[in-house]
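The structure appears right after this line, and notes come after that.
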Amino acid sequence: MHIKSKFINFLKLVFPSGITEWSVFLFFLICYGILGSYIALNYRIIFDSRIPWDAYFSFDNRAIIMSGGSFERHPLAYYFFNWIRELALLISDGKMDSTFRLTLAWMSNITVSLSLVQVFKYLKNIINLPLLVNILLILFFGVFSTNILLSFTPENFTYTLFLLTLYNHYAAIKLKKDEKINPFALILAGISIGGLTVTNIVKAFIPVAFEKNVFRSWKKLGNAVLRVFVTCICFILLYLNRIDFKYKTIFNKTSEQYEKFSNVKTTPTWDMISSFFFGGNILFSNFIIRDKNAKGFDFKALVMDVYSSWIPYIFIAALLLLIFWSYFKNFKNKFVQILMISFVFDVFIHCVMRFGLHTSYIYGGHFVFVYPLLIGWLFYSYKSSPKMVSFLLSVVGILFIYLSINNYIRMTEFFWFLDKYYQ
């Protein structure tokens, strides 16, 4: 009975529960589903066997589906995408056709929709915000460029978004009850999250540092260290097994990747940070069409440019102002600290170390969920001030309207690109 109750609780955690959560899930499932289905059935861009990478916005669709991506960045993704590919092939009767693309698109659609449910659950169950605020924030989050693109894109980021939102919600539940994070849950989170993108394993450990009195008791601290250590050992052994214990190749490949993705000088650093890292994950910028060649095949690729108007910069500045306002207003709140530390970790990797900064608009699955959650905590901090809540609702509402209009227009440009080059 204990195992049965654990399983039921797990299902309630992962999937929608109640009319409101099911409504959120079905709404986004239908919206994203229509978009993804149309693209999959009418265009070949989701999966084209001739194009391993970069067809649109630097996503590596074919390479990810066939191999899970490079082992030094995505060490265990190979196993995960093996069954995704085989399931899609089973449904498409072994053909990599429109049915194959449709299956991949719907897997992404369901995953992103469940990610939004996790964010909604956090807003509702952890922050305890009013339904109106929850709906506005989840709609705002739903039209982020990252969620729109990942809803039909079979990529590591798609599934990382779900795993990170799920784990953050789970960890918040545990911390709210003053309970420690289950060692098996921590191991599972470390292996799954770190397995898809190796650097993200750090995010699995952040909530452990905020368990009750963990630094005031040697016993609790030792228990926390032991859980983290065991998780690391399990992850390292699986990682080494993936590469036949040829550990030197990790350092060689990692160095190659860092040199390749960190030395782009065509765009000013400040503009890549604002337009790509902080902006492109949320608000589509201008698009550029480039000629590409992969393994002897010439094709057209779509990438993002920096913003050409002052309005998007104002939008991003306003959004960041809300984020940091929330952080300083809730500085003593452990849930807010967990979210911000996780976010700062990505800022360090991409903005300070400059890894992939020129294409950082594709990394949104690692951190964009932090935005609605931190704004949610800002609403919470003013729950006893109706005027401030009304002001914040107005600000987020204006941002939501502008974001929706901008991203809709940019998606029409995306479809023009598909009509011209990928029918």
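The values are calculated or read from the model by the stated rules, or taken from the named source; none is laboratory data. What you see is a predicted model; the values in this text were computed from it and never measured. Neighbour counts are summed over all protein chains in view; Cβ atoms, including those assigned to glycine, are modelled from backbone coordinates with ideal geometry.
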Reported set for the range 343-367 where residues are of a type in the set (A, V, I, L, M) and more than 24 Å from residue 302 (Cβ to Cβ) is 344, 347, 349, 352, 353
Pull out all pairs, ordered by first then second residue, where Cβ-Cβ is under 7 Å, the residues are six or more apart or on different chains, the first lies in the range 200-226 and is on the phi > 0 side of the Ramachandran plot, and the second is part of a helix (DSSP H, G or I) and surrounded by 15 or more Cβ atoms within 10 Å (Cβ to Cβ). 213/220
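When the range 58-78 is examined, which residues are found to be part of a helix (DSSP H, G or I) and in contact (Cβ under 8 Å) with a residue 12 or more places away in the chain?
Within the range 58-78, 61, 62, 64, 65, 66, 67, 77, 78 qualify.
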Quick check: is even one residue across the range 355-365 crowded, with 19+ Cβ neighbours inside 10 Å, free of Cβ contacts under 8 Å to residues at least 40 places away in the same chain and either at positive phi or among the hydroxyl-bearing types (Ser, Thr, Tyr) (or both)? no
Residue count for the range 58-77, restricted to those that are at positive phi and either crowded, with 21+ Cβ neighbours inside 10 Å or modelled with pLDDT of 95 or more (or both): 2
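Only residues that are assigned to a helix (DSSP H, G or I) and either surrounded by fewer than 19 Cβ atoms within 10 Å (Cβ to Cβ) or out of contact with any helix residue (DSSP H, G or I) (no Cβ under 9 Å at 6 or more places or on another chain) (or both): list them for the range 328-348, please.
Our first condition is that a residue be assigned to a helix (DSSP H, G or I); within the range 328-348, this holds for 328-329, 334-348.
Within the range 328-348, 328, 329, 334, 337, 341, 344, 345, 347, 348 meet the criteria.
For (1) modelled with pLDDT under 95; (2) within 21 Å of residue 148 (Cα to Cα); (3) hydrophobic (A, V, I, L, M, F, W, C); (4) surrounded by fewer than 19 Cβ atoms within 10 Å (Cβ to Cβ), each residue gets a yes or a no:
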residue	(1), (2), (3), (4)
369	no, yes, yes, no
374	no, yes, yes, no
378	no, no, yes, no
383	yes, no, no, yes
393	no, no, yes, yes
404	no, yes, no, yes
409	no, yes, yes, yes
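Residue 347 - would you say it is closer than 30 Å to residue 192 by Cα, touching a residue at least 60 places away in the same chain (Cβ under 8 Å) and of a type outside the set (D, E, K, R)?
Working: closer than 30 Å to residue 192 by Cα: yes; touching a residue at least 60 places away in the same chain (Cβ under 8 Å): yes; of a type outside the set (D, E, K, R): yes.
Spelling it out, residue 347 is indeed closer than 30 Å to residue 192 by Cα, touching a residue at least 60 places away in the same chain (Cβ under 8 Å) and of a type outside the set (D, E, K, R).
Condition (residue is part of a helix (DSSP H, G or I), among the aliphatic types (A, V, I, L, M) and within 30 Å of residue 170 (Cβ to Cβ)) applied to the range 293-311: is it met by at least one residue?
Of the residues in the range 293-311, the ones part of a helix (DSSP H, G or I) are 310-311.
Narrowing the set further to residues that are among the aliphatic types (A, V, I, L, M) leaves 311.
Going one step further and asking which of them are within 30 Å of residue 170 (Cβ to Cβ), we end up with none.
Among the residues of the range 293-311, not one is part of a helix (DSSP H, G or I), among the aliphatic types (A, V, I, L, M) and within 30 Å of residue 170 (Cβ to Cβ), which makes the answer no.
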Among the numbered criteria (1) farther than 14 Å from residue 155 by Cα; (2) surrounded by fewer than 17 Cβ atoms within 10 Å (Cβ to Cβ), which single criterion is violated by residue 25? (2)
Residues to consider are 111, 103; find the one that is more than 14 Å from residue 159 (Cβ to Cβ) and not aromatic (Phe, Trp, Tyr). 103
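Identify all residues within the range 79-130 that are among the small types (Gly, Ala, Ser) and assigned to a helix (DSSP H, G or I); write none if there are none. First the steps, then the outcome.
The first filter runs over the range 79-130 and keeps only residues among the small types (Gly, Ala, Ser), leaving 88, 92, 94, 98, 105, 108, 113, 115.
Residues satisfying the conditions are 88, 98, 105, 108, 113, 115.
Could you list, in sequence order, the residues of the range 288-342 that are under 30 Å from residue 423 (Cα atoms) and polar (S, T, N, Q)?
Our first condition is that a residue be under 30 Å from residue 423 (Cα atoms); within the range 288-342, this holds for 288-308.
Hits for the range 288-342 are 293, 308.
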Give the range 138-156 a look and list any residue that's of a type in the set (Phe, Trp, Tyr) and closer than 21 Å to residue 312 by Cα, or say none. 140, 141, 144
Find all pairs meeting these conditions: Cβ atoms under 7 angstrom apart; at least six residues apart or on different chains; first residue within the range 44-57 and on the phi > 0 side of the Ramachandran plot; second residue at pLDDT 85 or above. 54/292; 54/301; 57/149; 57/302; 57/303; 57/304; 57/361; 57/362
Given (1) touching a helix residue (DSSP H, G or I) at 6+ places or on another chain (Cβ under 6 Å); (2) touching a residue at least 12 places away in the same chain (Cβ under 8 Å), residue 107 misses just (1)
Here are some conditions: (1) under 22 Å from residue 398 (Cα atoms); (2) at pLDDT below 95; (3) surrounded by 12 or more Cβ atoms within 10 Å (Cβ to Cβ). Residue 306 meets all but one. Which one does it not meet? (1)
Quick one: how many residues across the range 367-392 are in a helix (DSSP H, G or I) and farther than 13 Å from residue 138 by Cα? 12
Out of (1) surrounded by fewer than 15 Cβ atoms within 10 Å (Cβ to Cβ); (2) in contact with a helix residue (DSSP H, G or I) (Cβ under 9 Å, 6 or more places away or on another chain), the odd one out for residue 298 is which? (2)
